[in-house]
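K.L.:
What follows is a single structure, and I will ask about it in a moment.
Each value in this text was obtained by applying a stated rule to the coordinates, not by laboratory testing. Keep in mind it's a predicted model, so treat the numbers as computed, not measured. Using ideal geometry, Cβ is built from the backbone for each residue, glycine included, and neighbour counts are taken over all protein chains shown.
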Amino acid sequence: MKPKVHWVSPIPEATTDIAHYTYRILPKLAKATDLTVWTDARHWDRAVEEFCPVRKIDPHHTLPRDFAKSGHGTGPDAIFIHIGNSWAYHAGFLQLARRVPSIIVLHDLAIQEMLNDAMRFAGFPRDVYEAEMLRWYGPEGLAAAQEVQARRSGANVLSETYPGFHLALDRAVSVLSHTPAAFEAVQDIGMIPSYQLDLPFRPSATAPSAARTQDGPLRLVQFGHIGPNRRLWEVLEALGPLKDEIDFKLDIMGNVWDRSVLSEKLERFGLEHHVEVHGFVPEPELDAALAGAHLVFNLRYPTMGEASGSQLRIWNASAAAVVTDLGWYGSLPDDTVFKIPLDGEIAALRDLVRRINADRSLGALLGETGRARLEDRHTPALYARGIAEVAERFAGDAAQSLQARRVRETLAKAPHPTPLYQAALSKRL
């Protein structure tokens, strides 16, 4: 008997990799579970409905019984809610997750940018945010958050010390993450069952044949939802002095968070004729660009607990990527990516581009090894089986999480919760 799964996630037409990830796994997930997909978007690609029903939610009013009424199959309903760092796609889901017991699929530990944008643009209550920052991070965390609200600091800086993912966990039945760092961070809280699965990607039927030229411009690519932590400014600064030394072209494909600053940077570094800004492009166009790229920039800082769907797409194209030697990216095998340290980042990028220009086959082996790793560990079939197992444990995990929440509430009311008092409570679990 297949478990009933309610999948609350961005879906196409949403221009976010989490929507693409959901679409890629739907065929296998629909076979492994009795699946219903839920969205708060006004419009979506009807192709999703070829695999399972799609239902509309109101994040502020939808209740557990609404999921149960709309589902199909028998058995308990397991609700998966996806939390990422873009307010446009996840602010509503955060509100839902704080009301409805669910499995939180935690794509990012560092969600302070989403939280602050949710307060500015999506009506997330500021008093709730401040109370939660105090609860989880103490007076220092609250003071740091207020500095961001007063525009004296940045949310990305705040995330380095106070990542913010705790604010999504108050009603969590369990947490699913895609990296060891995120798994361990949730385990360290000590109150919520935690699971880890490798982020999935549906490989193309065959690996792309070598399409990278040995002459002409060196082809460079950066793509995706390009926010401040994607190091685009540092990439441009590294490339600036190379424009008179190397013939190269950089294709920027995706949504850049500040196009006006991008234009200023291109002018400042004299790169207007070496960089093409495409905006969001269809997947076939993106995949073709990756298949022809000599190097793809996939840098992150800060990085806290997120895996990279972008990296899986790069491996699918058998392309070579350069990553920041931190977090999940730093844990990747050395024969699958180029790694550079954060310290001396610009000089290291400049040196790498020079080396690849001197030997354009330098990244070929990395691309082949990355493609093999993708096929071995990241297939949708493996992931769907893991989702089904997590869903089957929903009822037991819900009981455990409810008990833990009751203990937290009791401890919060105690004027001086001593270790003896905590030990006595723990015996009742």
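K.L.:
Hey, rough spin-label estimate for LYS2 and GLN214, points 7 angstrom out along Cα→Cβ, what's it come to in nanometres?
P.N.:
So the label points at LYS2 and GLN214 sit 5.0 nm apart.
K.L.:
Can you tell which of PRO64, LEU299, GLY309 lies farthest toward the positive end of the dipole of the chain, using +1 and -1 charges on the Cβ of basic and acidic side chains (Lys, Arg; Asp, Glu)?
P.N.:
Comparing the listed Cα positions along the dipole, PRO64 ranks first.
K.L.:
Taking the chain as a Gaussian network, Cα atoms linked when under 10 Å apart, which of ARG98, ARG354, ARG408 shows the biggest mean-square fluctuation?
P.N.:
ARG408
K.L.:
With θ set to phi - 60° and the Karplus curve 6.51 cos²θ - 1.76 cosθ + 1.60, what are the ³J(HN,Hα) couplings of the stretch 212-226 in order, to the nearest whole Hz, using x for Gly and Pro?
P.N.:
Karplus values, whole Hz, x for Gly and Pro: 8, 6, 9, 9, x, x, 5, 9, 10, 9, 9, 8, x, 7, 9.
K.L.:
May I have the extent of the alpha carbons of the stretch 138-197 along their three principal axes, as whole Å values ordered from largest to smallest?
P.N.:
Dimensions of the stretch 138-197 along the principal axes of its Cα atoms: 37, 20, 15 Å.
K.L.:
Give, as ranges by residue number, the residues of the stretch 17-54 whose backbone N falls under 19 Å from the point 7 Å along Cα→Cβ of ALA288.
P.N.:
Answer for this model: none.
K.L.:
While we're looking at this one, here's another question. Report, ordered by chain and residue number, the aspartates and glutamates lying within cross-link reach of LYS31, taken as a straight Cα distance under 17 Å and ignoring same-chain residues fewer than 8 apart.
P.N.:
Result set, ordered by chain and number: GLU49, GLU50, ASP77, GLU389, GLU392.
K.L.:
In debye, nearest 20: dipole of the chain around its Cα centre with unit charges on the Cβ of K, R (+) and D, E (-)?
P.N.:
On the way: 47 positive and 53 negative charges, 310 e Å.
Roughly 1500 debye for the chain.
K.L.:
Which of the lysines could a cross-linker span from LYS339 if the Cα-Cα distance has to be under 22 Å and same-chain partners fewer than 8 positions apart are dropped?
P.N.:
Correct list for LYS339: LYS249.
K.L.:
Taking 20 °C and 1.002 mPa s as the conditions, I'd like the Stokes-Einstein D for the chain in µm²/s, using the Kirkwood hydrodynamic radius from alpha carbon pairs.
P.N.:
Values: Rh = 22.9 Å.
In µm²/s, the coefficient is 94.
K.L.:
Can you compute the charge dipole magnitude of the stretch 218-377 about its Cα centre, using +1 on each Lys and Arg Cβ and -1 on each Asp and Glu Cβ, nothing else charged? Give it in debye, rounded to the nearest 20.
P.N.:
Roughly 100 debye, rounded to the nearest 20.
K.L.:
Can you find, among GLN187, LEU365, PHE394, the residue sitting farthest towards the positive end of the charge dipole of the chain, where Lys and Arg contribute +1 and Asp and Glu -1 at Cβ?
P.N.:
Farthest towards the positive pole: PHE394.
K.L.:
With Cβ to Cβ distances under 10 Å as the rule, what net charge do the other residues near MET253 carry (K, R +1; D, E -1)?
P.N.:
Result for the local shell: -3.
K.L.:
LYS265: which aspartates and glutamates have alpha carbons under 20 Å from its alpha carbon, excluding same-chain residues fewer than 8 sequence positions away?
P.N.:
LYS265 reaches GLU234, GLU237, ASP244, GLU245, ASP247, ASP251, GLU276, GLU345.
K.L.:
Let me ask you something else. Listed highest first by mean packing, meaning other Cβ atoms within 10 Å per residue, what order do 108-114, 262-268 come in?
P.N.:
108-114, 262-268
K.L.:
Based on the alpha-carbon set only, what is the convex hull volume of the stretch 218-377 divided per residue, in Å³?
P.N.:
Once divided by residue count, the hull of the stretch 218-377 is 102 Å³.
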